[in-house]
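Trainee: I'd like to ask some things about the structure below.
The values are calculated or read from the model by the stated rules, or taken from the named source; none is laboratory data. Nothing here was measured: the structure is a model prediction, and the numbers come from that model. Ideal geometry is used to build each Cβ from the backbone, glycine not excepted, and the neighbour counts take in all protein chains shown. Heads up: the accessible areas ignore ligands, DNA and RNA and are worked out on the full protein's heavy atoms, side chains in. Shrake-Rupley method; radii C 1.70, N 1.55, O 1.52, S 1.80 Å.
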Amino acid sequence: MSTAITLSCPSCLVTNRVPAERLNAAPKCGRCGEALFQGSPASLDSSGFARVVANTDIPVIVDFWAQWCGPCKMMAPVFERAAQELEPACRFVKIDTEAAPDLAQRYQIRSIPSLLIFSGGREIARQAGAMDYSSLVRWVKSHV
Ligand code: ZN
């Protein structure tokens, strides 16, 4: 028996179950057919975020950012590259705090960028401020 990993599709948000040994084999969503890992962060709104965090067995790395934030813009390609590198071991998600102020409030985001790691629906780590690529990867790997 293989272990099944539960994953929320970043495109249609439907919950998929993927055998653990198939995670690296470019799995596709059973509903919409899109790749479950796209090699880049998924931009989600509040309801999408709630579904992905609740229905994803692998750790979810979240970047809380905003358009007007200079350090966030510098952080964006770093986060993108980390997604390419670390998926499918983790899921990478971006939350625009202007579009989802309820999430920023719920998680008490006081400065951006703020990076949070969720596991099993719970926050397990947080880091405020931009990070360079190797610091980001090291930080993620130390928690997952
Ligand atoms: Zn889908």
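Trainee: For the range 65-144, which fully contained strands (runs of 3 or more DSSP E) count at least 1 residues that are modelled with pLDDT of 95 or more and in contact with a Pro (Cβ under 6 Å, 6 or more places away or on another chain)?
Mentor: The strands (runs of 3 or more DSSP E) meeting that bar are 91-96, 114-119.
Trainee: Now, a different point. Which residue pairs have Cβ atoms closer than 9 Å, lie 6 or more positions apart in sequence or on different chains, and pair a first residue in the range 22-51 that is of a type in the set (Ser, Thr, Tyr) with a second residue that is within 11 Å of the ligand (Cβ to nearest atom) and open to solvent by less than 50 Å² (accessible area, probe 1.4 Å)?
Mentor: From residues that are of a type in the set (Ser, Thr, Tyr), the pairs are 43/10; 47/13.
Trainee: Oh, and also: Residues in the range 110-138 that are of a type in the set (A, V, I, L, M, F, W, C) and open to solvent by 30 Å² or more (accessible area, probe 1.4 Å): how many?
Mentor: Number of matching residues: 4.
Trainee: For residue 3, work out the one condition from (1) at pLDDT below 95; (2) surrounded by 14 or more Cβ atoms within 10 Å (Cβ to Cβ); (3) not basic (Lys, Arg) it doesn't fulfil.
Mentor: Looking at each condition in turn, residue 3 falls short on (2).
Trainee: When the residues of the range 7-60 are narrowed to those that are in a helix (DSSP H, G or I) and within 12 Å of the ligand (Cβ to nearest atom), which ends up nearest to residue 96 (Cα to Cα)?
Mentor: Filtering first and then ranking leaves 48.
Trainee: Against the conditions (1) away from the ligand (no atom under 16 Å from the Cβ); (2) surrounded by fewer than 19 Cβ atoms within 10 Å (Cβ to Cβ), where does residue 72 fall short? Just the number, please.
Mentor: Residue 72 satisfies all of (1) away from the ligand (no atom under 16 Å from the Cβ); (2) surrounded by fewer than 19 Cβ atoms within 10 Å (Cβ to Cβ) except (2).
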